[in-house]
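The structure under discussion appears below in the form of structure tokens.
The values are calculated or read from the model by the stated rules, or taken from the named source; none is laboratory data. What you see is a predicted model, and the numbers here were worked out from it, not measured in a lab.
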Amino acid sequence: MSPQDANKALLREAFQEVMVNPDADETIIAKYMSKDYRQNVDGLSFDYEGFVQHMVAQKQVIKEASVEFEHMVAEGDKVCTVHHIHAVKDDGNEIKGKVVALFQFKDNKIILCDELTHLVEGSEEDRDLGSRT
């Protein structure tokens, strides 16, 4: 498997284990994300600890989630995706979003995510779900 294919596989696995898995905790997050992780999303930035807080905030309101990759292209140590998020909140309301993101890898972990999110379906209060902490 090429390094680019390995990064794509790692990214798919990270989405399932960290974002989709309702029981993901910091132990699971640390398996996929570098302690030097940085995320830029919709004009905001946070580090590894901020990402952990972001995951905690999401899991407090989301009952179930899924992701579907529309496009995934790898070059060097980077993977670019266009993916769709579908989530059901604890109150039963649904959220659908489209995300365009660039991920960078180092030492078999994700070190950077630079993304733009677009709320396709859901309430206005959920517009910040891609960056909520």
Considering only residues that are over 19 Å from residue 33 (Cα atoms) and basic (Lys, Arg), look in segment 83-133 and name the one that is modelled with the lowest pLDDT. 127
Quick check on segment 17-40. Is at least one of its residues modelled with pLDDT under 95, over 13 Å from the mean Cα position of the chain (by Cα) and at positive phi? no
